[in-house]
Amino acid sequence: MTEQRILLAGATGAVGIELLRLLRARGRFVRTLSRSPENAARVRGLASEVVVADAAEPGVLAGALEGIHTVVSCLGANVSMALRERRSYQDVDVVANTHLIEAAKRAGAKRFVYLSAHPGPGYAHTRYISAHLQVEERIRASGLSSSSVRPTGIYTALTDLIAMARSGVGAVPGDGRARTNPVHPVDVAEALVEVLAEGPDVVSVGGPDVMTRDEVMRLAFAAVGKEGHVVHVPAGVFRSTSVLLAGVHPRLSDLLEFVAAVMVSDSVAPARGTRPLRAWFEAAAGGRADRPEVSER
Ligand SMILES: NC(=O)c1ccc[n+]([C@@H]2O[C@H](COP(=O)([O-])OP(=O)(O)OC[C@H]3O[C@@H](n4cnc5c(N)ncnc54)[C@H](OP(=O)(O)O)[C@@H]3O)[C@@H](O)[C@H]2O)c1
């Protein structure tokens, strides 16, 4: 049988790099696509081929998908508070993934696997989640065989809590009682591998432990060995800041709108993940080794 080649977009991301490791360990051909040459340098020794391009720009993918059977997209604008990407999730996630879908069709690819996000009812309306659901819809409409994997919050997005815990004060948006089961990036990468060849339209992925937002913060305090003090910040503060930032930094505006909603709503998905948050926090705090290197992007 001819080898089924994979194009992995977002291979330098928190989940993408874990997926790249898993696929290469299985001997698969993986051509990677990411935007920053500095980040791409980290995957050069691992990937079969490397393409550097800003997929949100028109016309840059010509040739990038030649000979590809399956596109896996872990591509999305960053979910950190870092300032570097100003463009909204609509302008990056929807535009870049639409370019990928179109390029996949043109190149005769057969399957599209997408890393989406779990849309809990209390925050599915936000611009961040809506961008992911739009991408899913466009993949379905393309006629390609496809699956979308929808994780809850990934541990990498919680690593900043360790620095906060060290300061002795943990700011938690809302009243801290909303529940969530965040998930390890390797558990998400494994869920993507499972649907690589075939799988359901949508797979939701949560981690092993359902906790309140206060319990997540207390786990971070425990990892740094501090008693700590939790301060509840009204979600309205994040909503107002989101409105103020709309014209200045569209992505941060989208992110704060999402934070204001997700931190006061339950975000719980089926517990497919097995790796506990405690070990991740301990690694990030300098204790046991788990995956500290991917938490530092
Ligand atoms: N982190 C979470 O808690 C979480 C939870 C649920 C869902 N998700 C979703 O899962 C996806 C991946 O998340 P992640 O945390 O792994 O993200 P990440 O670490 O920020 O990685 C994003 C990847 O996308 C690439 N990328 C971004 N813009 C691009 C562009 N215009 N052209 C080409 N490549 C581009 C980045 O490349 P460079 O390295 O070159 O910038 C990077 O490889 C995102 O859609 C995210 O919204 C994340």
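Only the coordinates and a few stated rules stand behind these numbers; no lab work does. Quick caveat, the model's predicted, so the values are computed rather than measured. Heads up, the Cβs are rebuilt from the backbone with ideal geometry, glycines too, and the neighbour counts pull from every protein chain shown.
Contact map, the stretch 89-108: residues that are more than 9 Å from the ligand (Cβ to nearest atom) paired with residues that are charged (D, E, K, R) and outside any helix (DSSP H, G or I), Cβ distance under 8 Å, separation 6+ or inter-chain. Pairs shown: 107/66.
Look at (1) assigned to a helix (DSSP H, G or I); (2) closer than 19 Å to residue 144 by Cβ and you find that residue 39 fails only one, number (2).
Out of 77, 47, 62, I need the residue that is touching an Asp or Glu at 6+ places or on another chain (Cβ under 9 Å) and either under 18 Å from residue 187 (Cβ atoms) or of a type in the set (A, V, I, L, M) (or both). Which one?
Values: 47 fails: touching an Asp or Glu at 6+ places or on another chain (Cβ under 9 Å); 62 fails: touching an Asp or Glu at 6+ places or on another chain (Cβ under 9 Å).
After applying the criteria, what remains is 77.
With respect to the conditions (1) in a helix (DSSP H, G or I); (2) of a type in the set (A, V, I, L, M, F, W, C); (3) away from the ligand (no atom under 11 Å from the Cβ); (4) surrounded by 23 or more Cβ atoms within 10 Å (Cβ to Cβ), residue 141 lacks only one, and its number is (4).
Please go through the stretch 128-169 and give me each residue that is hydroxyl-bearing (Ser, Thr, Tyr) and touching a Leu at 6+ places or on another chain (Cβ under 7 Å), ordered by number.
Of all residues in the stretch 128-169, those hydroxyl-bearing (Ser, Thr, Tyr) come to 128, 130, 142, 145-148, 152, 155-156, 159, 167.
The answer is 128, 155.
Restricting attention to the stretch 42-64, the residues that are in a loop (DSSP other than H, G, I, E, B) and within 26 Å of residue 88 (Cβ to Cβ) add up to 11.
Of all residues in the stretch 104-132, those being part of a helix (DSSP H, G or I) and under 19 Å from residue 55 (Cβ atoms) number 7. Within the set 123, 155, the sole residue that is within 12 Å of the ligand (Cβ to nearest atom), under 28 Å from residue 91 (Cβ atoms) and either of a type in the set (S, T, N, Q) or under 13 Å from the mean Cα position of the chain (by Cα) (or both) turns out to be 155.
Just to be sure, is residue 39 surrounded by fewer than 19 Cβ atoms within 10 Å (Cβ to Cβ) and either small (Gly, Ala, Ser) or within 23 Å of residue 183 (Cβ to Cβ) (or both)? Yes: the conditions hold for residue 39.
Scanning the stretch 42-88 for residues that are near the ligand (Cβ under 9 Å from one of its atoms), surrounded by fewer than 18 Cβ atoms within 10 Å (Cβ to Cβ) and acidic (Asp, Glu) yields 54, 57.
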